[in-house]
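Step one of this worksheet: look at the structure below.
The values are calculated or read from the model by the stated rules, or taken from the named source; none is laboratory data. For clarity, every value in this text was computed on a predicted model and none was experimentally measured. All Cβ positions, glycine included, derive from the backbone under ideal geometry; neighbour counts span all protein chains shown. For the accessible areas, the whole protein counts, side chains as well, though only heavy atoms, and no ligand, DNA or RNA atoms are used. Shrake-Rupley method; radii C 1.70, N 1.55, O 1.52, S 1.80 Å.
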Amino acid sequence: MMDWISFYDFKHSVIYVNARHRDVHYRTIAEDIAKHVPSKDANVLDYGCGEATSAALLADASGHLTMVEAAPNVRAALKARYEANPKISVLTPDEAAALAPGSFDLIVMHSVAQYLSDAELDRLLGVFHRLSSRKARYRRRYCAADIGGAGGGAGAAALRSRQRLLLGRVGGLMRIFVSDYFRLKKTHGLSHYTEAAMLQRLTRAGYTAKRAAKISATISSA
């Protein structure tokens, strides 16, 4: 049975209307994340980065950007796209988890939590806590964005983005409704968190959390 990683690893035209729509989506994410990079020399981890077509923008705002992607085909494409950029590394989840404690000054996980079980999310929060910088000025910064409230995850977010673009592509809008996304959502489900529930979970994991002012994110420190 197709799982979420397999779904996003398969090259299809369901989530985005076209390449421009995809690139606008990822550029907006990169610009939002860049606002939270604590300094130009910060080591940043983007966990579950997806295609990340604007990763260079985020890398330019950082000292070094490490991207983690579980889907093998997506990860291979990322490596090919950014192999010439010395400020970007691409790792598997296991490779990232094996890094030294305190490796990162900012850890970001955008639109991933909804695909994880409660136990998987708690495990990752523990990994992030270990990988987060102990430097006083960075305070173990972790950003959880688009965490899956009532809106329904990345597919729904991309659909909202489609609507904002107003491209008039009715056929493109309809593809997501007849795709594997909603079948997969029905069989595998998505995890949904209210703001209060996510703040409570982060607190249990040892973070001090608050909602960011502008983006749909939770900025945490410990």
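One table, with the values for the structure above:
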{"read-out": "Selection from region 172-222 of residues that are small (Gly, Ala, Ser), part of a helix (DSSP H, G or I) and modelled with pLDDT under 85", "value": "Gly172"}
{"read-out": "Members of region 80-119 found to be loosely packed, with under 13 Cβ neighbours inside 10 Å and charged (D, E, K, R), listed by number", "value": "Glu83, Asp94, Glu95, Asp118"}
{"read-out": "Within region 36-72, considering residues that are in contact with a helix residue (DSSP H, G or I) (Cβ under 6 Å, 6 or more places away or on another chain) and in contact (Cβ under 8 Å) with a residue 40 or more places away in the chain, the one least open to solvent (accessible area, probe 1.4 Å)", "value": "Ala71"}
{"read-out": "Cβ-Cβ under 7 Å pairs, at least 6 apart or on other chains, region 194-209 side within 16 Å of Leu124 (Cα to Cα) and touching a residue at least 24 places away in the same chain (Cβ under 8 Å), far side assigned to a loop (DSSP other than H, G, I, E, B) and aliphatic (A, V, I, L, M)", "value": "Met198/Ile147; Gly206/Ala222; Tyr207/Ala222"}
{"read-out": "Given (1) open to solvent by 60 Å² or more (accessible area, probe 1.4 Å); (2) at pLDDT below 60, number of the condition Arg140 does not satisfy", "value": "(1)"}
{"read-out": "Any chance Arg75 is basic (Lys, Arg), modelled with pLDDT under 95 and either farther than 27 Å from Tyr193 by Cα or open to solvent by 30 Å² or more (accessible area, probe 1.4 Å) (or both)", "value": "no"}
